[in-house]
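Taking it in order: structure first as structure tokens, then the write-up.
Just so it is clear, none of the values below were taken in a lab; they were calculated from the coordinates. Small disclaimer: the values here were computed from a predicted structure and weren't measured. Reconstructed Cβ throughout: ideal geometry from the backbone, glycine too, with neighbour counts over all protein chains shown.
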Amino acid sequence: MTKTMMIVKTLPEVRQARGKLPGPLGLVPTMGYLHEGHLSLVRRAKEVCASVAVSIFVNPTQFGPKEDLSRYPRNLEGDLSLLREAGVDLVWTPDNEDVYPPGFQTWVSVENLTLPLEGAVRPGHFRGVTTVVAKLFNAFTPDRAFFGQKDAQQAAVIRRMSLDLNFPVEIEICPTVREADGLAMSSRNAYLNPQERQSATVLFRALSAAKTAFEHGDKDAGHLRALVEFTIAAEPLARLQYVSCADFDSLEELEQIRGRALLSLAVFVGDTRLIDNFILG
Ligand code: PAF
């Protein structure tokens, strides 16, 4: 027998619905336009939690003024039917006013970890992410929350925020889900035309080339970054925004890899900005 999925809009409704759910509660925060990557988080949440909640909210405060907020892909009906099929118990689909009350002026912001990488090229992005995730944690009071490794810096920043603010939430980071040709799943892949979609495999190819070199003994972070640059430069539709080989915990750029490292990059394929990463070591 399929149980009914509760779909709510306002914060009091979330709190009331959450109160009816048996714990532990798992939360999967999303911006919608769901794909297999999101569904893998839902499945993992269902494995380890008695109840699963999902939020669908395209959070305006994490988009820069020149970014893709207005054209960010949306498909609420499709998302809800995927979540119903996946056996989710509660979905919150707030409007902006349900999340940001009039006169809003309180932010959550993580310091050093948000300075490099995405933080350097998307000023204000992580302040928007941590603020909305803190609000989601307050609304749902989940026992566990699930995020994807594809957004590696976001995962690190949310873990830090949760520790620093003593949220009683266990943060679980789940592996990146990829298409058959290696492209990391992302709602933004929908922007790619067929030619760009083919070129977009260059992120995976570049990371794989560097990983192979690393596994053959090359621990020089500069070499690995150069290998990525070289692979991206050979793809006419792609333009590298940054490549980083950084310490996995501090995200500080490395010269030599000794412990665990995060190899990450951002690439424009046509006008679409894509990110991806591998963990080395
Ligand atoms: O990863 C995302 O989709 C968003 O950044 C998140 C965590 C749902 C916050 O808006």
Enter the Cα centre distance for the pair the stretch 31-57 and the stretch 115-174, rounded to the nearest angstrom. 16 Å
Compute the relative contact order of the stretch 33-155 as a whole-number percentage, counting only Cα pairs closer than 8 Å that sit 6 or more residues apart in sequence. 34 percent
When each of K9/K46; K135/K219; K46/K219; K20/K66; K3/K135; K66/K211 is checked by Cα-Cα distance, pairs over 31 Å: K135/K219; K46/K219; K20/K66; K66/K211
Residue order, fewest to most beta carbons within 10 Å, for E179, E47: E47, E179
Of the peptides 119-129, 151-161, how do they stack up when ordered by the mean number of other Cβ atoms within 10 Å, highest first? 151-161, 119-129
Sorted by Cβ density within 10 Å, fewest first, the residues T201, T130: T201, T130
The relative contact order of the chain, taking Cα pairs under 8 Å that sit 6 or more residues apart, comes to a percentage of 17 percent
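May I ask you to sort E255, E196 by Cβ crowding, counting other Cβ atoms within 10 Å and putting the fewest first? Kindly include the intermediate steps, with their values, before the conclusion.
On the way: E255 10, E196 18.
Fewest-to-most Cβ neighbours within 10 Å comes out as E255, E196.
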Counting other C-beta atoms within 10 Å, and keeping those with at most 15, which DSSP coil chymotrypsin sites (Phe, Trp or Tyr not before Pro) do you find in the stretch 17-115? F104, W107
